[in-house]
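The values are calculated or read from the model by the stated rules, or taken from the named source; none is laboratory data. Not measured: the values here are computed from a predicted model. Every residue, glycine among them, receives a Cβ derived from its backbone with ideal geometry; neighbour counts consider all protein chains shown.
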Amino acid sequence: MKKAKVAIFGASGYSGEELVKRLAEHPLAELGCLTSRQYAGKKASEVFHWIGPRSPLASLEFSDPGMASLPSLGVEFAFLALPHGVAFESAVPLLEMGIRVIDLSADFRVKDPNVYQYFYKLEHPAPALLQRSVYGLPEAYREQIREAKLVACPGCYPTSILIPLLPVVRARMIRLASIVVNSLSGVSGAGRKAEMELLFVECNESARPYGLPSHRHLSEVEQELSIAAKEPVIIQFAPHLIPLSRGIITTIHAEPVAGLTQESLDAVYESAYGSEWFIRLLGSHRYPDVKNVVGTNHLEIAWRVDPRTGRIILMSAEDNIVKGAAGQAIQCFNIMNAWDEALGLGM
C-alpha cells in the first residue's frame with residue numbers, strides 16, 4: 001500500500017512533537033517536512049533528544065514554514081500544530097496547492113466568524129474557509145472527515161466534554177440549560193511556552209481555576225451542542241489547572257428529563273460508542289482515571305444517576321496531547337485515507 005507523505009508545521013511544540021513521534025512509527029506515513037521558526041536549520045535530533053543516531057529521523061532538519069518546496073517533496077497532507085491566528089497563514093496556500101490540511105489550532109473550528117472574534121479577540125482572517133472545514137471529531141463526523149480537504153481538530157477540553165454529552169443531548173435526555181462542566185487539565189494544555197504562571201514552582205502542589213467565565217473553547221462546545229440539539233445551547237464551564245504534565249478529567253452535571261434511568265443511560269452510550277475504537281465505556285461501576293489513558297488515544301466515560309438530587313453526572317478522562325490533539329489528528333488522517341483508524345496509535 002502506498003505511503004502518504006506528510007508535513008508537520010509547528011513540529012517543535014508539544015502536539016507537534018507527539019505528531020513526529022507517532023507519524024515516524026506510522027506504517028503508511030512518511031515524514032517529508034518539519035517546520036519551526038525557532039529551530040529552522042537544526043536537525044530533529046538536536047531538538048528531540050529521544051531521536052537516536054540510527055533513527056531515520058536523525059538527519060531530518062527543521063525548515064522555515066515556507067511553501068515553495070512542498071509540491072516537489074510530494075507532500076499530500078499537512079498537519080498544522082500552530083497557534084490560533086497563525087495556522088490560517090499556512091492553511092490557505094496549502095489548500096490552493098491541493099494539499100489536504102489537518103489543523104490542530106482553533107482557526108477553523110468555529111463556523112461563525114463573529115463568534116470566533118468574540119472568544120479569540122481576533123477578526124477571522126479567512127472566513128471563506130469556515131464553511132469548508134469539517135470538525136474533526138471522528139465519533140461525530142466520520143463520514144464528512146473521509147472526504148474533507150480541511151479538517152479542524154477539536155480542542156482538548158471540547159473533546160472531553162462533547163463525547164460524553166452528545167449522545168444524551170441528541171436523545172433529549174437532559175435539560176439543556178442545566179449543563180454545568182468542570183474540567184481539570186495538566187499543564188501541557190497551555191502549550192510549550194515560558195510563562196511565569198506555568199513554571200514548576202507556580203504549578204506544583206497547587207490547583208486553580210482560570211479562563212472564567214468565557215473560556216475560548218466554549219465557542220466550539222456550544223456550537224456542536226447546538227447542532228446536536230437543533231437549538232441554541234449555552235453551558236457553564238469552569239476549567240482548572242492541576243499539577244500534571246498531561247491529562248484532562250471532566251465532570252458534567254445536568255438535570256434529566258422525566259423517566260431517565262441508569263439503564264437508559266447505559267443503552268444510549270452503548271448505542272453511540274459500543275463499537276468505537278477509542279472510547280472506553282465504564283458505566284456506573286468504575287470512574288475515569290487519567291493514569292489509564294495517558295499516552296493513548298483512548299477516552300474513558302462513566303455516568304451516574306444521583307437518586308438524592310435527581311441529577312445525572314457524566315465523567316471523562318483523556319490525554320490532552322493525544323486524544324485531545326495529535327492522536328485525534330492522526331485518527332482523522334487515517335479516516336481520510338480509508339485506513340484502519342488505529343494505525344500509528346498503538347493498537
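Go through (1) of a type in the set (A, V, I, L, M); (2) part of a helix (DSSP H, G or I); (3) in contact (Cβ under 8 Å) with a residue 60 or more places away in the chain one by one and return the number of the condition V151 breaks.
Condition not satisfied by V151: (2).
Among the residues of region 239-259, what is the count of those that are free of Cβ contacts under 8 Å to residues at least 60 places away in the same chain and buried (at least 21 other Cβ atoms within 10 Å of the Cβ)?
So the count comes out to 1.
Among (1) of a type outside the set (S, T, Y); (2) touching a residue at least 40 places away in the same chain (Cβ under 8 Å); (3) not in a loop (DSSP other than H, G, I, E, B), where does V20 come up short?
(2)
At positive phi and under 16 Å from the mean Cα position of the chain (by Cα): is that true of G295 in this structure?
Yes.
Quick check on my filter: what residues within region 116-150 are more than 21 Å from I8 (Cα to Cα), out of contact with any strand residue (DSSP E or B) (no Cβ under 7 Å at 6 or more places or on another chain) and at pLDDT 95 or above?
A140, R142, E143
Assess whether G247 counts as being at positive phi and either in contact with an Asp or Glu (Cβ under 7 Å, 6 or more places away or on another chain) or not assigned by TED's automatic domain parsing to the domain that holds V169 (or both).
Yes; evaluated as a whole, the condition is true for this residue.
Please indicate, with yes or no, whether at least one residue in region 189-210 is under 21 Å from Y120 (Cβ atoms), surrounded by 14 or more Cβ atoms within 10 Å (Cβ to Cβ), among the hydrophobic types (A, V, I, L, M, F, W, C) and at pLDDT 95 or above.
no
Where the second residue is in a helix (DSSP H, G or I) and among the basic types (K, R) and the first is in the same structural domain as L176 (by TED's automatic domain parsing) and lies in region 211-237, which pairs have Cβ atoms under 8 Å and are six or more apart or on separate chains?
Sorted first by the residue in region 211-237, then by its partner, the pairs are A228/R170; A229/R170.
Could you grab me the full set of residues in region 84-95 that are more than 13 Å from C153 (Cα to Cα), of a type outside the set (D, E) and either surrounded by fewer than 24 Cβ atoms within 10 Å (Cβ to Cβ) or touching a Lys or Arg at 6+ places or on another chain (Cβ under 9 Å) (or both)?
G85, V86, F88, V92, P93, L94, L95
Output the number of residues of region 298-323 satisfying the condition of being part of a loop (DSSP other than H, G, I, E, B) and more than 18 Å from the chain's Cα centre (by Cα).
Number satisfying all stated conditions: 6.
Contact list please: Cβ distance under 8 Å, first residue in region 103-115 and surrounded by fewer than 23 Cβ atoms within 10 Å (Cβ to Cβ), second residue assigned to a helix (DSSP H, G or I), pairs at least six apart or on different chains.
K111/Q223; D112/Q223; P113/P127; V115/S219; V115/Q223
Filter region 90-139 down to residues that are hydroxyl-bearing (S, T, Y) and in contact with a Ser or Thr (Cβ under 9 Å, 6 or more places away or on another chain), then give me how many there are.
Count: 4.
If I go through region 275-288 residue by residue, how many of them are more than 29 Å from L82 (Cα to Cα) and in contact with a strand residue (DSSP E or B) (Cβ under 7 Å, 6 or more places away or on another chain)?
The qualifying residues number 8.
Which residues, taken from region 2-17, are within 11 Å of L82 (Cα to Cα) and among the hydrophobic types (A, V, I, L, M, F, W, C)?
Result: I8, F9, A11.
Quick one: in region 272-292, of everything that is within 18 Å of the chain's Cα centre (by Cα) and among the charged types (D, E, K, R), which residue is farthest from L343 (Cα to Cα)?
R280
Find the residue count for region 69-118, including only residues that are of a type in the set (D, E) and at positive phi.
0
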